[in-house]
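Single-structure report; data block below.
The values are calculated or read from the model by the stated rules, or taken from the named source; none is laboratory data. Remember, it's a predicted structure, so these values are computed and weren't measured experimentally. Every residue, glycine among them, receives a Cβ derived from its backbone with ideal geometry; neighbour counts consider all protein chains shown. Ligands, DNA and RNA are stripped out before the accessible areas are found, and what is left, the full protein with its side chains, is counted by its heavy atoms. Shrake-Rupley method; radii C 1.70, N 1.55, O 1.52, S 1.80 Å.
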Amino acid sequence: FDRITLNEANESAVLNIEPLDLPGRTLPEKPSANSVLIVHLLESPDDAYEVRWGSIEKVELFEQMILDEAIRLSREGKLDEAYEHLSYMLETYPDWPGLDEGIQIYLFEEAKSLYKKGEYDTSLSVLRDLFKKNPQWPGLEMALGRSTEKMIEKYSELKNYSAARTI
């Protein structure tokens with residue numbers, strides 16, 4: 001479902017509606033305040049309602065809500081749930097604006113989680129995936145350095161100096 005939040009004049013009502021029929025599932029940039037949007041409430045999908053664009057504070061499309069939820073879950077460390085949301089988006093809406101950034105957030109959070117668990121090699125691998133997507137990601141250079149350092153320490157303790165040099 002999509003969600004519309006009305007303005008204060010309409011008590012900031014939140015309406016859960018059937019997905020809007022929009023070309024390319026893209027909201028118009030500057031709709032006329034007097035033009036209307038035809039909506040179908042989830043509670044009464046057979047009834048059509050007209051909502052003036054001037055009465056709308058915010059429109060949240062289903063796809064964007066899924067992506068926003070994936071980002072929220074990633075930042076909260078609920079990575080399995082975030083992964084499911086991102087997988088769905090990649091499969092269903094691979095070109096959705098902001099999806100690539102959402103994946104980058106997920107990768108960075110996953111790498112941090114793996115590092116905290118002592119899984120430095122996997123953390124380093126995930127950070128390398130992030131580097132391929134966006135080498136300018138904030139904090140990436142430091143995270144790569146820390147994971148690399150831990151891997152070198154690990155191999156040095158095991159007296160596997162060849163592997164340590166390779167890292």
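If you bin every alpha carbon distance in segment 44-113 into 5 Å steps from zero, what whole percent lands in each bin?
Over segment 44-113, the share of Cα pairs per 5 Å bin runs 3, 16, 24, 17, 11, 10, 10, 6, 2, 1 percent.
Could you tell me which residue out of ALA48, PRO28, ALA13 lies farthest along the dipole of the chain toward its positive end? Charges go on the beta carbon: Lys and Arg +1, Asp and Glu -1, centred on the Cα centre.
Most positive-ward Cα: PRO28.
Which of the residue pairs LYS117/LYS159; LYS112/LYS132; LYS78/LYS154 have a Cα-Cα distance greater than 26 Å in the structure shown? Spell out each step's value before the answer.
Details: LYS117/LYS159 23 Å; LYS112/LYS132 17 Å; LYS78/LYS154 28 Å.
Too far apart for the 26 Å limit: LYS78/LYS154.
Can you give the helix-only mean residue ellipticity at 222 nm for the chain, where every DSSP H stretch with n ≥ 4 adds -39500 (n - 2.57) and the sum goes over all residues, rounded to the nearest 500 deg cm²/dmol?
On the way: 6 runs with 84 residues, N = 167.
Counting only the DSSP helices, I get -16000 deg cm²/dmol.
Express the Stokes-Einstein translational diffusion coefficient of segment 75-123 in µm² s⁻¹, to the nearest whole number, given a Kirkwood radius over alpha-carbon pairs, 37 °C and a viscosity of 0.692 mPa s. Don't jump to the answer; show the numbers that get you there.
Working: Rh = 11.4 Å.
Result for D is 289 µm²/s.
Suppose every Lys and Arg Cβ carries +1 and every Asp and Glu Cβ carries -1, with no other charges. What dipole size does segment 91-167 come out with about its Cα centre, to the nearest 20 debye?
Details: 11 positive and 13 negative charges, 97 e Å.
Around 460 debye, computed over segment 91-167.
Taking every pair of alpha-carbon atoms in segment 1-76, give the share separated by more than 15 Å as a whole percent.
Counting pairs separated by more than 15 Å, the tail of P(r) holds 59 percent.
Over the chain, what percent of the accessible surface lies on carbon and sulfur atoms, probe 1.4 Å? Provide the component values of the computation, followed by the final result.
Details: 5250 of 10710 Å².
C and S fraction of accessible area: 49 percent.
Checking a compactness column here: for the chain, what do you get for Rg(Cα) / (2.2 N^0.38 Å), N being the number of residues?
Values: Rg = 22.4 Å, N = 167, 2.2 N^0.38 = 15.4 Å.
Relative to the 2.2 N^0.38 Å estimate, the chain comes out at 1.46.
Rounded to two decimal places and with Rh computed the Kirkwood way over Cα pairs, what is Rg over Rh for segment 30-73? Each step should come with its number before you reach the end.
Values: Rg = 13.3 Å, Rh = 12.3 Å.
When Rh is taken as the Kirkwood radius, the ratio is 1.09.
Regarding segment 86-153, what is the average projected area of its C-alpha convex hull, in nm²?
On the way: hull surface 18.4 nm².
For segment 86-153, the mean projected area of the Cα convex hull comes to 4.6 nm².
For the chain, what is the accessible area per residue in Å² when the probe is 1.4 Å? Walk me through the intermediate numbers first.
Working: 10710 Å² over 167 residues.
On a per-residue basis, 64 Å².
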